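Written out below as structure tokens is the structure these notes cover.
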Amino acid sequence: MLASYQFPQYSYQRSTDQDSTTPIRHPVVIIGAGPIGLAAAVDFSIKGIPVVLLDDNNTVSVGSRAVCYAKRFLDISDRLGVGQRLIDKGVTWNIGKVFFEEEQIYSFNMLAEEHHRRPGFINLQQYYLEQFYVERLMQFPRASLRWKNKLIDIQQNQQTVTLTIATPDGSYQLQADYVLACDGANSNTRSLCGLESKGQVFQDRFLIADVLMTDQRFPAERWFWFNPPFHQGSSTLLHRQPDNLWRIDFDLGWDADPEVEKRPENIIPRVKAFLGDDVDFELEWTSVYTFGCRRMPDFRHKRIFFAGDSAHQVSPFGARGANSGIEDVDNLVWKIELALKGQASEELLNSYSEERGLAADENILNSTRSTDFITPKNPANKVLRDAVLTLAKEFSFARPLVNSGRLSVPPILRNCSLISADTDSFDCAVEVGSPCTDGPITLRKEERYLLSLLGNKFHCLLFIDDHKQIDQQLIEEIVRLKQCRQPIDTYIVLKEPYQLQLPDGVAIIVDHLQLINARLDASNQCFYLIRPDQIISARARKFSVDSLLNMQAHALGELR
Amino acid sequence: MAKLITTANIASPDDFYQLLTDMSIDLSAEQIALVNARLILLLCNHIGDNQVLAEAVAIAAKTAAK
């Protein structure tokens, strides 16, 4: 029971599947209705695939838990139809400030460019996020969200996964073509499969205090203190959440006794030392936690795919947990969609673990380094760390060395098997293997953001300098892209408005600020091939339908 | 006129920092002090400009005295 939030109670409902004498078969079963399982269920639903989503509980996340959602999370949530609700409720922030003892040593901005639809970050309690995703999923009548359904056995052969599920009415069985295990760091599915997630556990303990406070002395920014006067010899992190809720994270050290530290009479003095005696506050939710960085060697186990914390786990510095989990979903669901149609190569299905494994390694590396900086592993490293901090305010060279968390940005899928390496040269921050950039464009005289037009299918962006080049021959070429097995929709990107009747699957967009041209270093006839997860899989400077189709075949793992 | 570079000059700061912290793993305090001193001498020789080195020494000592 929280003062600022009423937990919804979702009731267990008996499914007709439970009355069947033989197990009913479904295309996809998802285990775990946390942020990742819910996002996956919505993604399948918007693709028209009926999903069964199982959860052993009957409500959303107890306590705030995950708080920070990065730009890419919001972009993906936009594609899933939840983005605006997250923005409306969440606290938007872009600025982070780092303090050493009593002074600010530097600040950073998570949104390096203007004119993106979404900010660098929002803060939002995990229970709101889950609630909004549950409500979104409820809009799809064919999605079946089953509370109080606990997986107790899972078996698979070449064709089928068979699941045994315990409910308040006893157990029943289901069959599935594919299963997504989104059941968190202590994944029950992973244990039942006899698989392991391996890595490093850190010898440190942290105290989270979510505090209700109407005082407005702190802005909507991420503030991090090294060795502050109110918590000497340690570190503290502050985030603002909606409903006047503040997340305070105190580093306690490995020797702290979690049972003692959890007691309100011990937490309240710490918070008072931080806020001052004159500030009224109320403890909303507290937790003492330790963490590790670990991952499964392979996120695919034949027909069972692991996503989110079940597949990989990181320390919280950098907000790389939920943010990487939703990128897993984004990467995986379109591939399984093709598999269900019998159109996915083994290479395509295996690329999930390759691409997201690369992301997990990057996230683990970054969050391990942050943890090592925040709590140095030995006295020599502490001296080095303090040397950096004493220099950073006056000498800017030391600031990039300060590591209070390298905050989540989507990894670039460099050198991945199904991403086409550049053969032409491009001079821009966006690479093949990164999500497409965003920016305002005009479509049929209406201002939109580019990313709102991309995703869920393959798209081609074709840059044309002069509308006179759009002749019958070019249009016939483009139409061939629409007629292949995985149809490619094309946006012809012009710099000036131009009206023209075009066939289905082809449209003109106007880059009226010329930001897209700049951000993608485009030139006349240049094209980008963008996957259903908005990842750039290929690009080149000379438009050719044959090479584009070849690039798509490569993206689908159909070229050997 | 200052010659010492005090703006960011290392292309990949996090990789560099890890190189430095990994250096001291499994060493005793005495060994670390020795390794650090050897590192300072190597880098000073590489720089080779007494004015730059004097500026660096002045900043390092000033910060420590605070």
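The values are calculated or read from the model by the stated rules, or taken from the named source; none is laboratory data. Computed from a predicted structure; not experimentally measured. For neighbour counting, all protein chains shown are included, and Cβ atoms are generated from backbone atoms with ideal geometry for every residue, glycine included.
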Subset of region A:226-261, residues assigned to a loop (DSSP other than H, G, I, E, B) and surrounded by fewer than 14 Cβ atoms within 10 Å (Cβ to Cβ), comes to A:229, A:232, A:233, A:253, A:254, A:255, A:257
Over region A:256-310, the set of residues without any contact (Cβ under 8 Å) to a residue 40 or more places away in the chain and among the acidic types (Asp, Glu) is A:257, A:259, A:265, A:277, A:278
The condition from (1) surrounded by 18 or more Cβ atoms within 10 Å (Cβ to Cβ); (2) farther than 22 Å from residue A:180 by Cα that residue A:336 misses is numbered (2)
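When you check residue A:478 against the structure, is it over 20 Å from the mean Cα position of the chain (by Cα), surrounded by 15 or more Cβ atoms within 10 Å (Cβ to Cβ) and part of a helix (DSSP H, G or I), yes or no? Break it down into steps so the answer makes sense when it comes.
On the way: over 20 Å from the mean Cα position of the chain (by Cα): yes; surrounded by 15 or more Cβ atoms within 10 Å (Cβ to Cβ): yes; part of a helix (DSSP H, G or I): yes.
Yes.
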Flagged pairs (Cβ under 6 angstrom, 6 or more apart or on separate chains; first in region A:350-377, within 12 Å of chain B (Cβ to nearest Cβ); second outside any helix (DSSP H, G or I) and of a type in the set (A, V, I, L, M)) are A:367/A:314
If we ask which residues in region A:397-410 are touching a residue at least 24 places away in the same chain (Cβ under 8 Å), within 14 Å of chain B (Cβ to nearest Cβ) and touching a Ser or Thr at 6+ places or on another chain (Cβ under 9 Å), their number turns out to be 4
If I filter region A:38-59 for residues that are more than 27 Å from residue A:411 (Cα to Cα) and touching a helix residue (DSSP H, G or I) at 6+ places or on another chain (Cβ under 6 Å), do I get at least one hit? yes
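Which residues, taken from region A:505-530, are in a loop (DSSP other than H, G, I, E, B) and over 14 Å from residue A:459 (Cβ atoms)? Give the steps one after another, and end with the answer.
Residues of region A:505-530 that are in a loop (DSSP other than H, G, I, E, B), as a first pass: A:505, A:511-514, A:520-526.
Within region A:505-530, A:511, A:512, A:513, A:514, A:521, A:522, A:523, A:524, A:525, A:526 meet the criteria.
State yes or no: is residue A:215 under 27 Å from residue A:329 (Cβ atoms) and in a loop (DSSP other than H, G, I, E, B)?
no
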Only one of A:135, A:103 is over 19 Å from residue A:326 (Cβ atoms) and out of contact with any strand residue (DSSP E or B) (no Cβ under 9 Å at 6 or more places or on another chain), namely A:103
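Mind listing whichever residues of region A:490-504 are part of a strand (DSSP E or B) and either within 15 Å of residue A:545 (Cβ to Cβ) or touching a Cys at 6+ places or on another chain (Cβ under 6 Å) (or both)?
Going through region A:490-504, the residues part of a strand (DSSP E or B) turn out to be A:490-494.
Scanning region A:490-504 gives A:490, A:492.
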All-but-one check, residue A:375 against (1) modelled with pLDDT under 95; (2) in contact with an Asp or Glu (Cβ under 6 Å, 6 or more places away or on another chain); (3) farther than 30 Å from residue B:28 by Cβ, failing number (3)
Among the residues of region A:499-558, the number that are surrounded by fewer than 18 Cβ atoms within 10 Å (Cβ to Cβ) and among the hydroxyl-bearing types (Ser, Thr, Tyr) is 3
Wholly inside region A:67-147, helices (runs of 4 or more DSSP H) that include 1 or more residues that are acidic (Asp, Glu) and surrounded by 16 or more Cβ atoms within 10 Å (Cβ to Cβ) are A:71-79, A:126-137
Residue check: is residue A:88 among the acidic types (Asp, Glu), in contact with a Phe, Trp or Tyr (Cβ under 8 Å, 6 or more places away or on another chain) and either closer than 19 Å to residue A:136 by Cβ or free of Cβ contacts under 8 Å to residues at least 12 places away in the same chain (or both)?
no
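Scan region A:381-392 for residues that are more than 7 Å from chain B (Cβ to nearest Cβ) and surrounded by 18 or more Cβ atoms within 10 Å (Cβ to Cβ) and report the count. Spell out how you get there, then give the answer.
Step one: list which residues in region A:381-392 are more than 7 Å from chain B (Cβ to nearest Cβ), which gives A:382-383, A:385-389, A:392.
Add one more test, that the residue is surrounded by 18 or more Cβ atoms within 10 Å (Cβ to Cβ), and what stays is A:385, A:388-389, A:392.
Here the count works out to 4.
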Within region A:172-206, the count of residues that are at pLDDT 95 or above, of a type in the set (A, V, I, L, M, F, W, C) and not in a loop (DSSP other than H, G, I, E, B) comes to 6
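Look through A:36, A:76, A:30 and report the one residue that is touching a residue at least 40 places away in the same chain (Cβ under 8 Å) and over 22 Å from residue A:241 (Cβ atoms). Reasoning before the result, please.
Values: A:36 fails: over 22 Å from residue A:241 (Cβ atoms); A:76 fails: over 22 Å from residue A:241 (Cβ atoms).
Result: A:30 is the single residue among A:36, A:76, A:30 that is touching a residue at least 40 places away in the same chain (Cβ under 8 Å) and over 22 Å from residue A:241 (Cβ atoms).
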Counting only residues that are touching a residue at least 12 places away in the same chain (Cβ under 8 Å) and surrounded by 13 or more Cβ atoms within 10 Å (Cβ to Cβ), region B:37-66 contains a total of 4
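Got at least one residue in region B:6-14 being of a type in the set (Val, Ile, Thr), surrounded by 14 or more Cβ atoms within 10 Å (Cβ to Cβ) and touching a helix residue (DSSP H, G or I) at 6+ places or on another chain (Cβ under 7 Å)? Can you show your working first?
Initially, region B:6-14 is screened for residues of a type in the set (Val, Ile, Thr), giving B:6-7, B:10.
This time we only want the ones that are surrounded by 14 or more Cβ atoms within 10 Å (Cβ to Cβ), so: B:6.
Still in the list and also touching a helix residue (DSSP H, G or I) at 6+ places or on another chain (Cβ under 7 Å): B:6.
Within region B:6-14 (the criterion being of a type in the set (Val, Ile, Thr), surrounded by 14 or more Cβ atoms within 10 Å (Cβ to Cβ) and touching a helix residue (DSSP H, G or I) at 6+ places or on another chain (Cβ under 7 Å)), the answer is yes, since at least one residue qualifies.
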Notebook entry, point to check: Of the residues that make up region A:424-432, is at least one surrounded by fewer than 22 Cβ atoms within 10 Å (Cβ to Cβ), more than 9 Å from every other protein chain (Cβ to nearest Cβ) and part of a helix (DSSP H, G or I)?
Noted result: no
Taking region A:430-452 and keeping residues among the aliphatic types (A, V, I, L, M) and either over 21 Å from residue A:524 (Cα atoms) or at pLDDT below 95 (or both) leaves A:451
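Look through region A:162-211, keep the residues that are among the small types (Gly, Ala, Ser) and more than 21 Å from the chain's Cα centre (by Cα), and return whichever of them is farthest from residue A:263 (Cα to Cα). Steps first, please.
Narrowing region A:162-211 to residues among the small types (Gly, Ala, Ser): A:166, A:170-171, A:176, A:181, A:184-185, A:187, A:191, A:194, A:197, A:199, A:209.
The next check asks that each one be more than 21 Å from the chain's Cα centre (by Cα); those that pass are A:166, A:170-171, A:176, A:191, A:194, A:199, A:209.
Values: A:166: 36, A:170: 39, A:171: 39, A:176: 46, A:191: 33, A:194: 37, A:199: 31, A:209: 11 Å.
So, considering only residues that are among the small types (Gly, Ala, Ser) and more than 21 Å from the chain's Cα centre (by Cα), the one farthest from residue A:263 (Cα to Cα) is A:176.
Looking at region A:444-461, which of the residues that are under 28 Å from the mean Cα position of the chain (by Cα) and farther than 18 Å from residue A:533 by Cα is surrounded by the fewest Cβ atoms within 10 Å (Cβ to Cβ)?
Residues of region A:444-461 that are under 28 Å from the mean Cα position of the chain (by Cα), as a first pass: A:447-461.
Filter once more, keeping what is farther than 18 Å from residue A:533 by Cα: A:447-448.
On the way: A:447: 10, A:448: 14.
The extreme case among them is A:447.
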Of (1) out of contact with any Pro (no Cβ under 8 Å at 6 or more places or on another chain); (2) crowded, with 21+ Cβ neighbours inside 10 Å, residue A:174 satisfies every one except (1)
Scanning region B:1-43 for residues that are out of contact with any Asp or Glu (no Cβ under 9 Å at 6 or more places or on another chain) and under 15 Å from residue B:53 (Cα atoms), the one nearest to the other protein chains (Cβ to nearest Cβ) turns out to be B:5
